[in-house]
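> Would you mind keeping the following structure in view while I ask a few things?
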Amino acid sequence: QVQLVESGGGLVQAGGSLRLSCAASGNIRRVNDMGWYRQAPGKQRELVARISSDGSTNYADFVKGRFTISRDNAKNTVSLQMNSLEPEDTAVYYCGAQIQRSDQYGLYAYWGQGTQVTVSS
């Protein structure tokens, strides 16, 4: 069994900051890419930021240098520091990871339950 648990969402005023965290736990052999995605009402889920196991990152254009993704490989955690938040950033944010379980050979995608981020104007 593998679980991803997110924390850190909430309500913030425009221009404010939030930090999201996600921890992967269970019978894990290896964690490959980890990332943050978001889904606003009526819209499809979209990539926010992604980080590989060697630390390489890529960001969605709308991040515009406002967000920073980081990870701790020893703890199987990934974080997203979000600054200069805008009302358009309001969405449910999901943590996703490619994980190889101890009892499997392949990598599979796992998702957290999501955490709500609301930015008021």
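The values are calculated or read from the model by the stated rules, or taken from the named source; none is laboratory data. Computed from a prediction, not measured in an experiment: that's the story for all the values here. Cβ: placed from backbone, ideal geometry, glycine included. Neighbour counts: every protein chain shown. SASA here: full protein model, heavy atoms, side chains in, ligands and nucleic acids out. Shrake-Rupley method; radii C 1.70, N 1.55, O 1.52, S 1.80 Å.
> How large is the accessible surface per residue of the chain, computed with a 1.4 Å probe and reported in Å² as a whole number?
53 Å²
> Sequence gap at least 6, Cα distance under 8 Å: using those rules, report the relative contact order of the chain to the nearest whole percent. Don't skip to the end; give the middle numbers.
Details: 308 pairs, mean separation 43.6, N = 121.
36 percent.
> Also: I need the trypsin sites (Lys or Arg not before Pro) found in the range 1-87, filtered to DSSP loop residues with at most 13 other beta carbons within 10 Å of theirs. Write out the running numbers ahead of the final one.
Working: sites: ARG19, ARG29, ARG30, ARG38, LYS43, ARG45, ARG50, LYS64, ARG66, ARG71, LYS75; in loops: LYS43, ARG45, LYS64, ARG66, LYS75.
The qualifying sites are LYS43, LYS64, LYS75.
> Still on this structure, I have one more. Hey, with R₀ at 22 Å, roughly what FRET efficiency would GLU86 and THR57 work out to, going by the Cβ-Cβ distance, to 0.05?
Once rounded, the FRET efficiency stands at 0.60.
> Another question, if that's okay. Computed FRET efficiency, Cβ-Cβ of ARG66 and ASP103, R0 41 Å: what is it to the nearest 0.05? Working shown, then result.
Values: r = 40 Å, r/R0 = 0.97.
With R0 = 41 Å, the Cβ-Cβ based efficiency is 0.55.
> Summarise the accessible area of the chain (1.4 Å probe, protein heavy atoms) by the percent that is carbon and sulfur.
Ligands and nucleic acids excluded, carbon and sulfur give 45 percent.
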